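Read the structure below first, then the notes.
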Amino acid sequence: MLPFSDHSRASADQRCSHRLGCELWIDPKQICSPNFAVRRRLASCSCALEAVLFRSMSAARWRRSLECPPLPTVDELLGHFQRQAALPWPKETARDYRVWILHYEKSLDRRVQGRLHEFEAIARKFGHGWSALHLAALVPPWFASHELFGGLAEQPDELPGLLPDFEAHLVEAVAARLRSLGDGDILALSGAGSLFGLTRVSTIAETLALEIRGRLLLLFPGRHENGVYRLLDARDGWTYRATPIPA
């Protein structure tokens, strides 16, 4: 039997009274939270961990309760990308699978973008060309130059009416970049999170599939589970036949 302190036997809904003075609400489900910061705080609190263990009936059960899905670091993402880039590129590869979706914890988005040059170095190491396009940079100029932009502040409900035109502009901008690349080149798209609520990333990927001669690398701050992608961990996910990294 594992030793537990008195306060760890309290209800999981009670506030932690750890001697270090943490102010966590003990919820065993948060131990496997996709939010890395929450997981780290809980893991540092023995009260929260003991509460999880106490609620289990056996050692096997509490081990399973703490089996959180691994969240790769940026270094690990680089390793996964290197393994993918090292593989041969058969000419008969379906267009859908020429889309590489690099998925990772959303809190790592800026770190991944800040080290994008390392992904480029890996691609060039294996003889592939490289081009990058930041999707977030395409959003403000288009809306600011639109003739109805001035009235959006007073009538924001009119925004959905502009989104189809914005989506067409976005697709054309990416398609133009793809047409300038060769069969051995990679186009890296970052800033997908800026499109949340404006358009669906799945629509862009599906529309551009026929334009991909080399590979399209989409930096995806979100979750990938059982073939379903969720941008920024949103409930509304989408299924797409792409190549996930990590697989």
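The spread of Cα positions in the stretch 145-191, taken along each principal axis and listed from longest to shortest, comes to 48, 18, 15 Å.
For the stretch 145-247, applying the loop criterion from DSSP together with a ceiling of 15 other beta carbons within 10 Å to the chymotrypsin sites (Phe, Trp or Tyr not before Pro) yields Phe196. Taken along the Cα-to-beta-carbon direction at a fixed 7 Å, the label points for Tyr97 and Trp142 span 3.1 nm.
Principal axis extents of the C-alpha atoms in the stretch 139-247 (largest first, rounded to whole Å): 46, 35, 18.
Toward the positive end of the charge dipole of the stretch 67-207, with +1 on the Cβ of Lys and Arg and -1 on the Cβ of Asp and Glu, the farthest Cα among Phe81, Phe143, Thr199 is that of Phe81.
Packing, as the average of other Cβ atoms within 10 Å across residues, places the peptides 139-146, 89-96, 111-118 in the order 111-118, 139-146, 89-96, highest first. FRET efficiency for the Trp89 to Gln155 pair, using the beta carbon distance and R₀ = 35 Å, is estimated at 0.10.
Every number here is computed from the coordinates shown, using simple stated rules; none is lab data. Note that this is a predicted model, so its numbers are computed, not measured. Ideal geometry is used to build each Cβ from the backbone, glycine not excepted, and the neighbour counts take in all protein chains shown.
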